[in-house]
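Written out below as structure tokens is the structure these notes cover.
Readers should treat all values here as calculations from the given coordinates under stated rules, not as data from a laboratory. Keep in mind it's a predicted model, so treat the numbers as computed, not measured. Note that we place each Cβ from the backbone using ideal geometry, even for glycine, and neighbour counts take in every protein chain shown.
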Amino acid sequence: MNTIDKVNLITIPKVHDERGVLAVIEKDAIPFAIKRVYYLYDVPTDSSRGGHAHKVQQSVIIALSGSFEVIVDDGNTKKSIMLNKPNQGLYIPTHIWREIENFSSGAVCLVLACTDYDESEYIRDYEVFQNQVLG
Ligand code: TYD
């Protein structure tokens with residue numbers, strides 16, 4: 001099973017000139033082929049998103065605008081990562097529980113995923129998650 005040390009920050013290359021910044025995600029920038037892109041916006045500050053792990057989906061989460069906190073958990077260890085840079089992505093492999101909290105006003109949370117949406121590959125019950133990862 002994946003452990004927390006597999007969760008890592010990816011720097012997305014950018015081109016900066018006097019007209020602003022252009023960030024580009026090319027196929028070698030992230031460790032999987034992107035199949036789906038979705039994003040969260042208009043999230044109330046006191047809202048908690050996520051609250052699940054995936055059996056198959058790997059993701060990269062990017063704070064396109066504003067900031068939020070991603071709490072990742074491998075069943076043994078929990079870690080909180082603040083995302084607030086549009087050229088930084090948080091890679092999350094399978095079997096890592098994640099919660100996303102403390103959204104700033106106007107925050108946009110972009111998720112790049114390697115799978116089509118499939119509810120059957122979600123683990124939404126924390127006890128089931130723990131049983132799976134801790135055996
Ligand atoms: P949910 O997984 O609860 O969102 P999050 O983990 O970001 O808090 O999904 C919210 C709803 O959206 C739920 O009914 C499933 C649906 N959904 C899709 O239809 N397609 C998708 O690609 C995703 C990610 C969710």
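Once the Cα-Cα distance is subtracted from the 0.36 nm per residue extended length, the Asp116 to Thr45 segment shows a gain of 22.7 nm. Size estimate for the chain follows the Kirkwood approach: the inverse of mean 1/r over distinct Cα pairs works out to 15.4 Å. Computed over the chain, the per-residue total of -39500 (n - 2.57) for DSSP H runs of n ≥ 4 gives a 222 nm mean residue ellipticity of -2000 deg cm²/dmol, rounded to 500. For the chain, lysine pairs separated by 8 or more sequence positions, or belonging to different chains, with Cα-Cα distances below 21 Å total 13. Near the amide H of Ile123, within less than 5 Å, lie the amide hydrogens of Ala53, His54, Lys55, all on another chain or at least 5 residues away, with H placed in the peptide plane. Counted by Cβ distance under 14 Å from Thr115, the other residues give a net charge of -1, where Lys and Arg count +1 and Asp and Glu count -1.
As a ratio to 2.2 N^0.38 Å, the alpha-carbon radius of gyration for the stretch 39-95 is 1.14. Across the stretch 119-135, computed HN-Hα scalar couplings (Karplus, 6.51 cos²θ - 1.76 cosθ + 1.60, θ = phi - 60°) run 4, 6, 9, 7, 10, 9, 10, 4, 5, 4, 4, 4, 4, 5, 7, 9, x Hz from first to last residue, x flagging Gly and Pro.
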